[in-house]
Structures are given as structure tokens and as C-alpha cells.
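Report on one structure; see the data block that follows.
Taken together, the values in this text are just the output of simple stated rules run on the coordinates, not laboratory data. Values in this document were obtained by computation on a predicted structure and should not be read as measured data. Cβ sites come from the backbone with ideal geometry, for glycine too, and all protein chains shown count toward neighbours.
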Amino acid sequence: MVLLSSSILAADFANLLDDILNAERAGVDMLHIDIMDGHFVPNLSFGIPVIESIVGKSALPFDVHLMVDNPDEYINDLVRLGVKNITVHAESCIHLDRMINRIKESGVRASIALNPSTPLTVLDYVVELCDMVLVMTVNPGFGGQKLIPYTLDKVADLRALRENKGLNFLIQVDGGIDTQNVQKVIEAGADVIVAGTCIFKSDDMARTVELLKGRGAV
Ligand code: DX5
Ligand code: ZN
């Protein structure tokens, strides 16, 4: 079964909780929470206080995507808030092995994200540790971008790598996914689809979620 994680970056921040509850009612499986620090990516989103204000108000699991230079600084707070999954970028972790182990030892699921240009080889020795791998299908930093086609080759390669190694980590795909291309993304090998703009800027969120979960349509 393919899971749908809605990126709240595209929500209306003036009505954040309403948007989250609407997404929950529409049937999304997770909340994808994009933390950006203005350094690792050229944009700022929100930090721990905003997450703290929504924790406990939605029953959905919190899936946190850290696009920051120093992910270390966020782990304790995210663990305290009870998030389900923490994703760190391979490009921002000098001690990736230590970071993944630290997250898992805290009882939280741990994932590694890769920018579009980052090869899968960075995972060679650590993929066994991962609960999930996040393949970025846009350059991180902004919602509403267009999916970069070659990144779907990477998704397919990752799927093959998982099979060859006999592993069972999830493959999450994030950026530019909509009702038109979701089928292709799933065919490439995605287990977890992230969608922001397509869900939160939709005129009919329930219908859009239904379409995404039903693998899209015209
Ligand atoms: C991009 C973020 C994505 C983004 C997805 O830096 O990591 O999660 O919010 O949003 P859409 O679906 O609008 O590309
Ligand atoms: Zn994201």
C-alpha cells in the first residue's frame, strides 16, 4: 500500500490547524513537516515552536524533514514532541552513521534524504540502518516546483538496490508530485508520496487526496 504524506509547507499558515485537520479528514496518512534554516536551503519555514503548537491536535503521525545545516540541534526537541519519523539529509551530516543511530536509539524512525544530484552510493554502508530513504524530486527549499524527471531513475535504482540487498526500508518521494504524475512516481518505486501544493492549494482537498491515493487521474 502506498502512503500519502501531506507537506504543510503549502498550508495556509494563518489557518494552519484548520488546514491540517482538513487534510486529516480528507484521508492523508501522515503530516510531512519541512524544517528549513535559510542555510542548508535558501528559505526559512518554521521551527520547533510551530510543531509544538500542533502536536496533540492532529492524530496523524508527524514525519519531519530536516533541511538544515545542523540537524543535531533539533533531535532532542523532536523526540520530546513525539514525532514518528526524522529525516536528515546525507549532504548535511558529517557523521551520518552517528546521526541515524542517535535518532533510532531515541525510539524514533530514522530516514536519510538525498538531493537530486546526490548519488545513491552515499547509502552504500548505511542503508541497512535506515527505516526510510527520501529521494528528493526537486531541489529542496521551496514548495510548488516541477518534478525533475531524472530523479525517477534514482527511485527505480533505489528500489532495485533494496531488492538486491533484501532490505525493507520505505522509499519516500518528495517534490512536485501531483495527480498527473503520481502514477509514474509509484511505478518508479515510491512507497510514501509527499504532496504539498497539490493538496493544500486544491479547491477540493478530499477529491485531490482521493485521486492521489487512487494513483491520480486527469
Ligand atoms: C521541498 C520540500 C517538500 C515540498 C513539497 O523543499 O521538502 O516537502 O514542501 O511540496 P510540493 O508538493 O509543493 O512540491
Ligand atoms: Zn520535504
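Going by a ≥ b ≥ c, the root eigenvalues of the Cα gyration tensor, does region 100-159 fall in the rounded group (a/c under 1.5), the prolate group (a/b larger than b/c) or the oblate group? Taking the square roots of the gyration eigenvalues as a ≥ b ≥ c, region 100-159 is oblate.
For region 67-118, what D do you get in µm² per second when you plug the Kirkwood radius from alpha-carbon pairs into Stokes-Einstein at 25 °C and 0.890 mPa s? Intermediate results must be reported in sequence, preceding the final value.
Values: Rh = 11.1 Å.
Using the Kirkwood radius from Cα pairs, D works out to 221 µm²/s.
The modelled label-to-label distance between LEU21 and GLN183, using points 7 Å beyond Cα along the C-beta direction, is 3.6 nm.
When only Cα pairs below 8 angstrom with a gap of at least 6 residues are kept, the chain shows a relative contact order of 23 percent. Our analysis of region 2-160 gives Rg over Rh at 0.94, with the two radii drawn from alpha carbon positions and Rh computed by the Kirkwood formula. Counting lysine pairs in the chain that sit 8 or more residues apart in sequence, or on different chains, and whose Cα atoms lie under 18 Å apart gives 9. In the chain, the calculated helix contribution to ellipticity at 222 nm averages -9500 deg cm²/dmol per residue, counting -39,500 (n - 2.57) for every DSSP H run with n ≥ 4.
The alpha carbons of region 81-218 stretch over 43, 35, 26 Å along the principal axes, in descending order.
Between HIS95 and VAL2, what is the FRET efficiency for a Förster distance of 35 Å, r being their Cβ-Cβ separation, to the nearest 0.05? With a Förster radius of 35 Å, E is 0.60. If a spin label sat at a point 7 angstrom from the Cα of VAL122 along the line to its beta carbon, the backbone N atoms of region 60-90 nearer than 14 Å would be those of 66-71, 87-90. For region 113-146, backbone nitrogen atoms closer than 14 Å to the point 7 Å from ASN43 Cα along Cα-to-C-beta are found at 137-146.
In region 83-137, a dipole from Cβ-located charges (positive for Lys and Arg, negative for Asp and Glu) runs towards its positive end, and of VAL83, ASN101, ASN115 it is VAL83 whose Cα lies farthest in that direction.
Once the C-beta distance of ARG215 and ALA14 is scaled by a Förster radius of 35 Å, the resulting FRET efficiency is 0.60 to the nearest 0.05.
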